[in-house]
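**Q** Sharing a structure here in structure tokens format.
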Amino acid sequence: MSLRRKIFVFILSVTLVLLPVSYGSLVQVDTVGGSDWESEYAQRKSELQDKIDRINGELGQIGGTIGELNDKKGTLLEEKTGIEDQIKKTDNLITDIKLSISQIEWQIGQNQDKVVMLTEQIKEVFREIQKYENVSQLELILSSENLGQAISRLHNLSTFEMEVNGLRKQTEAMLKELEENKEILDSTKDSLEETRFLSQSKKGELDVLLEQTEGDEAKYQTLLASLKLEQDKFQANIVKIDKEKQAEAERRIAQEKKRSDCEAKGGSFDYSDNSCEISSGGGGNSGGNAGGCVNETMNYSGIPRNTFTEPVNGYITQGFGCVDWGNGAHDGIDIANGYGTIIKAVGNGTVDTAGWLGGYGYAVIIKHTFGTRRVYSIYGHMKTPPPVKRGQTVVQGQTIGYMGSTGYSTGVHLHFAIADESYELTGSPNCNPRYGTSYTYCFNPVGGLFELW
């Protein structure tokens, strides 16, 4: 494919990439049951990142093409410089040859004048000879003052005739040689002028190619600047999305706190307008065993006191105990903070479960052994699949996941619970609010033995 065709195809493809993009606005997600609200931000961010990655690829191709054009321009400039030097040398040769031709023409003129003069002299000699030929030798001798003068006259005429004839022949030979040299110089000058014409034509072609190459380079430089500007816009929108997401997370945390405070007062929280309606008949139970709501065995024997540390930084939005919704009991505590907050193992142990766990979303369960006793710490609603796996040994404070809102969740938070050995029989991390041999029992992380907050 020719370079110009590559340029056309490339500009067309990049133009399609740069068609106006509508970023849209964040889709409103209901707070109640809205476990995937953050995926809206993630999807928007992913789409923008795809465009940025695609632009990075285009920028790389453009940079390569501009490099090729620069190399081509350098080659053309080098070739043009060589031709210009050749034209300059040809011009100098033509000037020298013209000067030589002028000198030869002057010499030819001088020799032609000399030939004319010698011809006239020869004619004069011939006239003298003819004049003496009409006089008998006796008359020549008698007209001379003496015999020596007569002999001298005859000898001088003959010698002068020979000298003039020799000089004329020599001059005519030189004239012929000069004319032959002039013909050679004229032919050489014509060849040089033809060479100069061809060099000028080649230089003109190179000028056109240079102009085209510089024009193509300018187009690519413009396209490069346009792509970089578009990339900056996408990057700015990613920053904007991150800020919107953080603001939404903070809004949800604040909303959950309002709901928790409302329910702690025995009220009913309305998510649509964040209002709290408290009935005149009093509130519900917020913890302990009030109203027959029991979800803690209180069997601490064999478990060391203050063994665990806090699983995450944040504040409790829902406590352990009886509630006015669901099955009437909350088998752990909910801790709220920003999306992606690090979740740590509360103690040394072995990973029993790691991955998707129904309503818990992405979750981790860790087994902690104290002699003959076993306790299981449960971490729910993680942002992504956890970085640990089943059977892995973990130590207290080790990162096991990041705060999110997967599964059955009303917002970004960690659902943290502690179950006893009954989990090994039931296989379910859900603690039942009532006593019974077929259910998992759990402890209050806040009060009693663990005292995490």
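The values are calculated or read from the model by the stated rules, or taken from the named source; none is laboratory data. The shown structure was predicted, so the numbers you read here are calculated from the model rather than taken from an experiment. Don't worry about glycine lacking a Cβ; one is built from the backbone with ideal geometry, like all the others, and counts go over all protein chains shown.
**Q** Is one or more of the residues making up the range 423-431 at pLDDT below 90, closer than 22 Å to Asn444 by Cα and either of a type in the set (A, V, I, L, M) or not assigned by TED's automatic domain parsing to the domain that holds Gln318 (or both)?
**A** Checking the range 423-431: at least one residue is at pLDDT below 90, closer than 22 Å to Asn444 by Cα and either of a type in the set (A, V, I, L, M) or not assigned by TED's automatic domain parsing to the domain that holds Gln318 (or both).
**Q** Pick from Leu227, Leu206: which is crowded, with 16+ Cβ neighbours inside 10 Å, of a type in the set (A, V, I, L, M, F, W, C), farther than 30 Å from Gln43 by Cβ and in the same structural domain as Lys80 (by TED's automatic domain parsing)?
**A** After applying the criteria, what remains is Leu206.
**Q** Mind listing whichever residues of the range 399-422 are modelled with pLDDT of 85 or more and among the β-branched types (Val, Ile, Thr)?
**A** Scanning the range 399-422 gives Thr399, Ile400, Thr406, Val412, Ile418.
**Q** Oh, and also: Counting only residues that are part of a strand (DSSP E or B) and in contact with a Gly (Cβ under 6 Å, 6 or more places away or on another chain), which one in the range 339-363 is nearest to Gln396 (Cα to Cα)?
**A** If we take residues in the range 339-363 being part of a strand (DSSP E or B) and in contact with a Gly (Cβ under 6 Å, 6 or more places away or on another chain), then Lys344 is nearest to Gln396 (Cα to Cα).
**Q** If His381 satisfies all but one of (1) part of a strand (DSSP E or B); (2) on the phi < 0 side of the Ramachandran plot, what's the number of the condition it fails?
**A** Going through (1) part of a strand (DSSP E or B); (2) on the phi < 0 side of the Ramachandran plot one by one, His381 breaks only (2).
**Q** Another question about this same structure. When you go through Asn274, Asn299, Asn289, Asn295 one by one, which is the residue that is at pLDDT 65 or above, over 44 Å from the mean Cα position of the chain (by Cα) and within 30 Å of Gly371 (Cβ to Cβ)?
**A** Every option except Asn299 fails the conditions.
**Q** How many of the residues in the range 390-420 are in a loop (DSSP other than H, G, I, E, B), surrounded by fewer than 21 Cβ atoms within 10 Å (Cβ to Cβ) and touching a strand residue (DSSP E or B) at 6+ places or on another chain (Cβ under 7 Å)?
**A** So the count comes out to 7.
**Q** Another question about this same structure. Somewhere in the range 224-240, is a residue among the hydrophobic types (A, V, I, L, M, F, W, C), out of contact with any Gly (no Cβ under 9 Å at 6 or more places or on another chain) and farther than 30 Å from Glu38 by Cα?
**A** yes
**Q** Taking the options Val388, Val394, name whichever one is within 42 Å of the chain's Cα centre (by Cα) and within 24 Å of Gly302 (Cβ to Cβ).
**A** It is Val394.
**Q** Out of (1) more than 30 Å from Gly63 (Cβ to Cβ); (2) assigned to a helix (DSSP H, G or I); (3) at pLDDT below 80, the odd one out for Leu210 is which?
**A** Leu210 satisfies every listed condition except (1).
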